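The values are calculated or read from the model by the stated rules, or taken from the named source; none is laboratory data. What you see is a predicted model, and the numbers here were worked out from it, not measured in a lab. All Cβ positions, glycine included, derive from the backbone under ideal geometry; neighbour counts span all protein chains shown. Calculation scope for accessible area: heavy atoms of the full protein, side chains included, ligands and nucleic acids excluded. Shrake-Rupley method; radii C 1.70, N 1.55, O 1.52, S 1.80 Å.
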Amino acid sequence: MSQTDTRVGRVESRPALGRARPYWTTHRRDQLTGYLFIAPQLLGSAVFVILPLILVVWYSLHEWNVLAGTFDFVGGENYAALAEDTNLGSVLRATGLFSVGLVVFNLTLALLLAVLLNQRLRGTILFRTLFFSPVVVSLVAWTIVWGFLLQDNGGLNGLLDTIGVDGPNWLRGETTAMISVVVVQVFKNVGLNMVLFLAALQGVPGELYEAAEVDGASRLRQFWRITVPMISPTILLTSIITVVGSLQVFAQIAVLTQGGPGTSTTVLVYYLYQQAFQFHHFGYGATLSIVLFGIVLALTVLQWQMRKRWVHHES
C-alpha cells in the first residue's frame, strides 16, 4: 500500500467529529468504584466526628437547661465564663500532672520491658502474655479491683502491714491519689506500647550491633546511638497515642476518686462531665469540650511538627 493510501486509512479510522464521547468511561467507573469503597468510612466520619463537632460548637453558644426545657442563645458568655471559673486552674493543673506522669512512666516502662523481652531468654512468651493481658481486660473491672486494693484497709496496705509499714489511705490523700490513678492507668495500658516497641526492636538489623561491638561501643552507647534512632518512628507513634489517651481518661477517675480529694484528681474530661451531666450546665460543658479538643489538637500538631528533629527516618 502506498504512503498516500496509509494516511487515508488513518483518517478514515478516526471517530466522526460529531459523535459524543461515552460518559461512563473506564476512568469514571474506576472513580465511582473508589468512592463506593470509601463511602462507609466517609459516612461514619461525617455522622460520628464532623457532625458532633459542629453540634458541640453550636451548644457552646447556648445555655441548655434540660430540667426547665429551655435552650437560650448566649453567644460568647460560656467562653467568658472560662476566665471566671476558679476551679479551671486546678483542673488544668491536675490534667497536666496526670498526663505528664502517665506519658513518662508508660513510655519508659514499656520500652524497658520491650528491651528485656527482646532478649533470647526462656519464658519470654509467657511474660509477654502476662504484661499484655491487662490491655484486653475490661477497664471498669480493672479499676474496681484496684479500688479495693488501694482502700485504707485494702490488699496493698495489708501487704505493707505484714512488714510493719502503716500504709496511707491511697485514694484520699492529695498526692497519693494522683500517684494511684497514674499507676493504675500505666499498668493497664503499658502492654500495648510494649508490644509496639517490641515489634520495632525486632526490626532493627543485627548487623548494626555487631559493627558497634567491633568498634568497642558499650551496650548503653549502642542503645542511644542505634536502638533509639532506629525505633524513633515508633516512639513518635506511641507518644502521640499515649498523650491523647491521657487527656481523655475518665473511667479511672470516676471509679477510684470521683475527682477528689478536693479537685486534686479532677481532670478536664471529668470536670466537663460534672458541669454537663451533674450540674446540668450543658453549654459550659460543651465549651470545656472545645477547650479539650484544642489542647489535644495543639499537642498532636506540636509532636508531629517536631518529628523531623528526632525521628530518624524523617528528612
Within region 283-295, residues being hydrophobic (A, V, I, L, M, F, W, C) and open to solvent by 30 Å² or more (accessible area, probe 1.4 Å) number 4
Just a yes or no: is a residue in region 18-33 in contact with a helix residue (DSSP H, G or I) (Cβ under 8 Å, 6 or more places away or on another chain) and modelled with pLDDT of 90 or more? no
For region 189-204, pairs from a residue that is farther than 17 Å from VAL136 by Cβ to a residue that is of a type in the set (S, T, N, Q) and open to solvent by 20 Å² or more (accessible area, probe 1.4 Å), with Cβ under 6 Å and 6 or more apart or across chains, are ALA200/THR234; LEU201/ASN118
Test set (1) open to solvent by 10 Å² or more (accessible area, probe 1.4 Å); (2) part of a helix (DSSP H, G or I); (3) in contact with a strand residue (DSSP E or B) (Cβ under 9 Å, 6 or more places away or on another chain) - HIS280 fails condition number: (2)
Just the residues that are closer than 20 Å to LEU196 by Cβ and either part of a helix (DSSP H, G or I) or aromatic (Phe, Trp, Tyr) (or both), please, taken from region 132-141. PHE132, SER133, PRO134, VAL135, VAL136, LEU139
GLY283 more than 28 Å from ILE179 (Cβ to Cβ) and either in contact (Cβ under 8 Å) with a residue 12 or more places away in the chain or not hydroxyl-bearing (Ser, Thr, Tyr) (or both): yes
Of all the helices (runs of 4 or more DSSP H) wholly in region 201-252, which have at least 1 residues that are touching a Lys or Arg at 6+ places or on another chain (Cβ under 8 Å)? 206-214, 232-246
Give all pairs with beta carbons closer than 8 Å in which a residue from region 95-111 that is under 13 Å from THR238 (Cβ atoms) meets a residue that is aromatic (Phe, Trp, Tyr) and buried (at least 22 other Cβ atoms within 10 Å of the Cβ); count only pairs at least 6 apart in sequence or on separate chains. ALA110/PHE197; LEU111/PHE197
Would you mention how many residues in region 283-315 are part of a loop (DSSP other than H, G, I, E, B) and out of contact with any Pro (no Cβ under 6 Å at 6 or more places or on another chain)? 3
For region 162-194, name all the residues that are more than 26 Å from ARG93 (Cα to Cα), in contact with a helix residue (DSSP H, G or I) (Cβ under 6 Å, 6 or more places away or on another chain) and open to solvent by 20 Å² or more (accessible area, probe 1.4 Å). LEU192
Take the residues in region 108-137 that are surrounded by 10 or more Cβ atoms within 10 Å (Cβ to Cβ) and polar (S, T, N, Q), then tell me which one is farthest from the chain's Cα centre (by Cα). THR124
Sole residue being in a helix (DSSP H, G or I) and at pLDDT below 95, chosen from ARG128, ARG120: ARG128
Give the number of residues within region 296-313 that are in contact (Cβ under 8 Å) with a residue 60 or more places away in the chain, within 21 Å of VAL103 (Cβ to Cβ) and open to solvent by 60 Å² or more (accessible area, probe 1.4 Å). 3
Output the number of residues of region 60-75 satisfying the condition of being open to solvent by less than 70 Å² (accessible area, probe 1.4 Å) and touching a residue at least 40 places away in the same chain (Cβ under 8 Å). 6
Out of (1) part of a helix (DSSP H, G or I); (2) free of Cβ contacts under 8 Å to residues at least 40 places away in the same chain, the one ALA114 does not meet is (2)
Can you confirm whether ASN78 is farther than 30 Å from PRO261 by Cβ and in contact (Cβ under 8 Å) with a residue 60 or more places away in the chain? no
Residues that are over 19 Å from LEU113 (Cα atoms), without any contact (Cβ under 8 Å) to a residue 60 or more places away in the chain and surrounded by 15 or more Cβ atoms within 10 Å (Cβ to Cβ), drawn from region 209-244: TYR209, ALA212, ALA217, VAL244
Against the definition (at pLDDT 90 or above, assigned to a helix (DSSP H, G or I) and open to solvent by less than 80 Å² (accessible area, probe 1.4 Å)), how does VAL100 come out, yes or no? no
